[in-house]
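The values are calculated or read from the model by the stated rules, or taken from the named source; none is laboratory data. Note that the structure is predicted; figures quoted are calculated from it, not measured. Quick reminder, even Gly has a Cβ in these numbers, built from the backbone with ideal geometry, and neighbours come from all protein chains shown.
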Amino acid sequence: MRYGESICVECGMAISDERYAAAMLVRAPGDEIEALRFDDIGCMVDHELDNDALDVLRRYVHDHDTRAWLDAEQAVYLRAASLRTPMASGLAAFRDRAAADAAAAQWPGETLDFATIAGTIAVPPPDFPRRAPAH
């Protein structure tokens, strides 16, 4: 992924903030493996929900604190209205619950696991304040 150059396959925006970047490995036609890149965790979730035929092999997110890649299914997520994510999903990933809880002290919100966010389109709940994306 080249920050400032790689383009999100869901929204078409340049991927510029690694804290919220995500990626997905999928099996493409011809049995080749393709890497899909996203500028916001919400874009990755939305893309998968919008494309039922995707053969997803792995999902990755960045740890908000260390910027290290994490297995998306093992990460703990914070959804907070005050987090300025690229496409305004308000989602950030953390390596464990303790790190997510520590972040929630700065950005009050709810901690979630991947199964919870993957089951719904990443649009925040109706009472979640909406604003323009950070781009």
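Overview of values
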quantity	calculated
Those strands (runs of 3 or more DSSP E) lying entirely in the stretch 3-67 with at least 1 residues surrounded by 14 or more Cβ atoms within 10 Å (Cβ to Cβ) and in contact (Cβ under 8 Å) with a residue 40 or more places away in the chain	22-27, 56-62
In the stretch 75-101, the residues that are free of Cβ contacts under 8 Å to residues at least 12 places away in the same chain and either within 22 Å of Glu34 (Cβ to Cβ) or of a type in the set (D, E, K, R) (or both)	Asp101
Hey, Ala92 in contact with a Leu (Cβ under 9 Å, 6 or more places away or on another chain), at pLDDT below 90 and buried (at least 22 other Cβ atoms within 10 Å of the Cβ) or not	no
Any chance Leu70 is more than 29 Å from Asp101 (Cβ to Cβ) and out of contact with any Ser or Thr (no Cβ under 6 Å at 6 or more places or on another chain)	no
Positions within the stretch 68-79 being surrounded by 20 or more Cβ atoms within 10 Å (Cβ to Cβ) and either of a type in the set (A, V, I, L, M, F, W, C) or under 18 Å from Glu18 (Cβ atoms) (or both), in sequence order	Leu70, Ala72, Ala75, Val76, Tyr77, Leu78
